[in-house]
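Engineer: Mind having a look at this structure? Questions to follow.
The values are calculated or read from the model by the stated rules, or taken from the named source; none is laboratory data. In this text, all values refer to a predicted model and were calculated from it rather than measured experimentally. Backbone-built Cβ (ideal geometry, glycine too); neighbour counts: all protein chains shown.
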Amino acid sequence: MPSCGGERDEREFERGLVDLKIEDASEEALLPPLPQITEETRPFWESCEKGVLSLQRCASCSQFRFPPSVICPNCASMDHSWEPVSGLGTVFSFVTFKRLYHKAFASLLPYVVAVVELSEGPRMVSRLVALGEDDSLKCGAPVKVRFERQGNELMLPLFELVDAK
Amino acid sequence: MNAELRDRYAIVGVGQSRLGEVPGSTALSLMVEAAVSAMDDAGLEKIGIDGIICRGPDDMYGFHQQVGQLLGLDVGFSTTLDNGGASQILSIILAVSAIEAGLCNTVLCGYARDAWSRTHHSEEARMSQRASGAAQSQHARDSYSSESFGLFGAPAMHAFGARRHMDLYGTTKDQLGAIAIAFREHARRNPLAQMHARELTLDEYRAGRPIVEPFNLYDCSLRTDAAGAVIVTSLERARDLRKEPVRISGFGTHNNTSGWFHDENMTSTAAIQSSKKAYSMAGLGPSDIDVFEVYDCFTYMALVQLEDYGFCQKGEGGPFAESGALRLGGALPTNTAGGQLSEGHAEGMLQVVEAARQIRHDYGPDRQVGNAEVAVASGHGGNTVCHSSLILTST
């Protein structure tokens, strides 16, 4: 369960002890933490391998859902199919990481993580890429999915602005 | 709803441990310190306690058992709660419920953490704590790994709410700063506060080190060693004890279990439903509140609760905070001991302690809210999806 706990220690920050050492990040093949693939999530990641974003769709009420689950949160049906979706959506909200929590992201700092609201309804966390120097990002900005392989591992569904150059 | 319980129970003692950086302390030792201080305050021997509802660090199993063992107590009812920062007010609600059910008579409610000490006894401990903190950020570990996308930590999760509030309502960084500064000014009057010695100006706030924008260092609560405790019993029993009882007039809870990312939960929080229940039970409304002790894990979370508790309209939390309303002497003195941003982060327990002290008029004129007869304390957890509210009044 994510916490609402205190995160701050001013003296630590002042001493610079909190952040991981940036030079460590140049080590090769640093991957972000990758998802544990479960029987529920396997179809999602297999579809990503093909460069297609797919979501579960309830066989009873037709609602798309995410994250993957055995039960429809709308109508409690346990019947579903996996269907490709448009990969289009809008930014529901976003944050810009200025502090490093994991070495794999050192070369990306500052980077933007967004809650993307897909056109089909569900919201998913992803990272926004190819933002360039433009800092005018706002909630509501249209985005589209863009797959990027992590090392030799799986394909992650990242997002870029629809009007990105 | 539960209005028949209004004013039938009371907080009869409050206490706290040493606070801030307490090298070598443990959550258990701090909890005992706070418990003894609350019992002394009430004029109660430990033998008078027959219920324990405590919470410690989330990685400690059966915290209440260990507290009872250290205090040498057998009790009629005890448990540890698991609703994050909503647990502390929930412990008081549960205490009332357990007494009402005849399971016990007088309950020790407490919370303790050793967040500073456990990250400072070695570099290894620091990194391990960091990793476990990062692991907590996963929205749903078994189904989808948010960490794969670089989402780590509580600040980022709450910053999503702040960003959306800014875009929907025009809330500004300086308005978040007004909250940090108001609470810091209160901490400057509280000699026990972790940030007692440090002034915070708007310029310093603006220059704060960025963490996860829109949050910088000063938008985030502190890493604190601290414990707080209160003792709850029936108003009848309370009359035999040392201190003027503080009446428990209203309480409420609500949990947006659908999640932080669902609906508009990040800009209209579960505090809306929770506070409504508390107001309804107490027969009071926002205009009756003299003191607000708000759960401020981040500046934005205090701001949105100003709206959700009805002190101002939705979207107006920024201007309300910037108006100076939250300062001692303002329209709604808030976090009068400094809050989690500046007094110390004890998951909302110190909010309850301070609310009771204000109602008892424990302080001199520099810290006392002159007309304090009704105080509200709030708590939320699980990344602000579950919420609890408490209304205390003077007898």
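Engineer: Go through the stretch A:67-114 and count every residue that is charged (D, E, K, R) and more than 9 Å from chain B (Cβ to nearest Cβ).
Structural biologist: Result for the stretch A:67-114: 3.
Engineer: Mind counting the residues in the stretch B:317-375 that are surrounded by 17 or more Cβ atoms within 10 Å (Cβ to Cβ) and part of a loop (DSSP other than H, G, I, E, B)?
Structural biologist: Of the residues in that region, 21 qualify.
Engineer: For a quick check of your reading of the model, give me the residue pairs whose first member lies in the stretch A:151-163 and is within 13 Å of chain B (Cβ to nearest Cβ), whose second is in a strand (DSSP E or B) and of a type in the set (Val, Ile, Thr), with beta-carbon atoms closer than 9 Å and at least 6 apart or on different chains.
Structural biologist: A:157/A:145; A:158/A:145; A:159/A:91; A:159/A:116; A:159/A:143; A:159/A:145
Engineer: Tell me which strands (runs of 3 or more DSSP E) are completely within the stretch B:158-265 and hold 3 or more residues being within 30 Å of residue B:15 (Cα to Cα), or say none if there are none.
Structural biologist: B:225-234, B:246-255
Engineer: Just one of the numbered conditions (1) more than 24 Å from residue B:167 (Cβ to Cβ); (2) at pLDDT 95 or above; (3) surrounded by fewer than 19 Cβ atoms within 10 Å (Cβ to Cβ) is not true of residue B:202; which one?
Structural biologist: It fails just one condition, (1).
Engineer: Are any of the residues in the stretch B:186-193 in contact with a strand residue (DSSP E or B) (Cβ under 9 Å, 6 or more places away or on another chain), surrounded by 23 or more Cβ atoms within 10 Å (Cβ to Cβ) and under 22 Å from residue B:353 (Cβ atoms)?
Structural biologist: yes
Engineer: Report yes if some residue within the stretch B:110-121 is away from chain A (no Cβ under 14 Å) and at pLDDT 95 or above; otherwise report no.
Structural biologist: Yes, the stretch B:110-121 contains at least one residue that is away from chain A (no Cβ under 14 Å) and at pLDDT 95 or above.
Engineer: Filter the stretch A:123-150 for residues that are of a type in the set (D, E, K, R), closer than 17 Å to residue B:149 by Cβ and either modelled with pLDDT under 95 or touching a Ser or Thr at 6+ places or on another chain (Cβ under 7 Å) (or both) and give the result.
Structural biologist: A:149, the sole residue that qualifies.
Engineer: Considering only the stretch A:56-85, how many residues are touching a Lys or Arg at 6+ places or on another chain (Cβ under 8 Å) and part of a loop (DSSP other than H, G, I, E, B)?
Structural biologist: Count: 5.
Engineer: Go through the stretch B:37-53 and report how many residues are part of a loop (DSSP other than H, G, I, E, B), hydrophobic (A, V, I, L, M, F, W, C) and more than 14 Å from residue B:69 (Cα to Cα).
Structural biologist: 1
Engineer: Same structure, new question: Filter the stretch B:1-36 for residues that are surrounded by 20 or more Cβ atoms within 10 Å (Cβ to Cβ), of a type outside the set (A, V, I, L, M, F, W, C) and outside any helix (DSSP H, G or I) and give the result.
Structural biologist: B:9, B:13, B:15, B:16, B:17, B:25, listed by residue number.
Engineer: Here is a follow-up. If I filter the stretch B:164-176 for residues that are away from every other protein chain (no Cβ under 13 Å) and crowded, with 24+ Cβ neighbours inside 10 Å, do I get at least one hit?
Structural biologist: Checked the stretch B:164-176: at least one residue is away from every other protein chain (no Cβ under 13 Å) and crowded, with 24+ Cβ neighbours inside 10 Å.
Engineer: Six or more apart or on different chains, Cβ under 8 Å: which pairs go from a residue in the stretch B:163-190 that's under 17 Å from residue B:339 (Cα atoms) and modelled with pLDDT under 95 to one that's surrounded by fewer than 19 Cβ atoms within 10 Å (Cβ to Cβ) and of a type outside the set (Val, Ile, Thr)? Could you list them?
Structural biologist: The qualifying pairs do not exist here.
Conditions tested, residue by residue: (1) of a type in the set (Gly, Ala, Ser); (2) within 14 Å of chain A (Cβ to nearest Cβ).
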| site | (1), (2) |
| --- | --- |
| B:285 | yes, no |
| B:319 | no, no |
| B:336 | no, no |
| B:344 | yes, yes |
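Engineer: Take the residues in the stretch B:143-157 that are assigned to a helix (DSSP H, G or I) and among the hydroxyl-bearing types (Ser, Thr, Tyr); name whichever of them is surrounded by the fewest Cβ atoms within 10 Å (Cβ to Cβ).
Structural biologist: The selected residue is B:148.
Engineer: Go through (1) within 14 Å of another protein chain (Cβ to nearest Cβ); (2) buried (at least 23 other Cβ atoms within 10 Å of the Cβ) and name the single condition residue B:99 misses.
Structural biologist: Answer for residue B:99: the failing condition is (1).
Engineer: Let me ask you something else. If I ask for residues that are buried (at least 24 other Cβ atoms within 10 Å of the Cβ) and assigned to a loop (DSSP other than H, G, I, E, B), which ones from the stretch B:270-297 would you list?
Structural biologist: B:270, B:294, B:295, B:296, B:297
Engineer: Continuing with this model, one more query. Return yes when residue B:316 is charged (D, E, K, R) and out of contact with any Leu (no Cβ under 9 Å at 6 or more places or on another chain) and no when it is not.
Structural biologist: no
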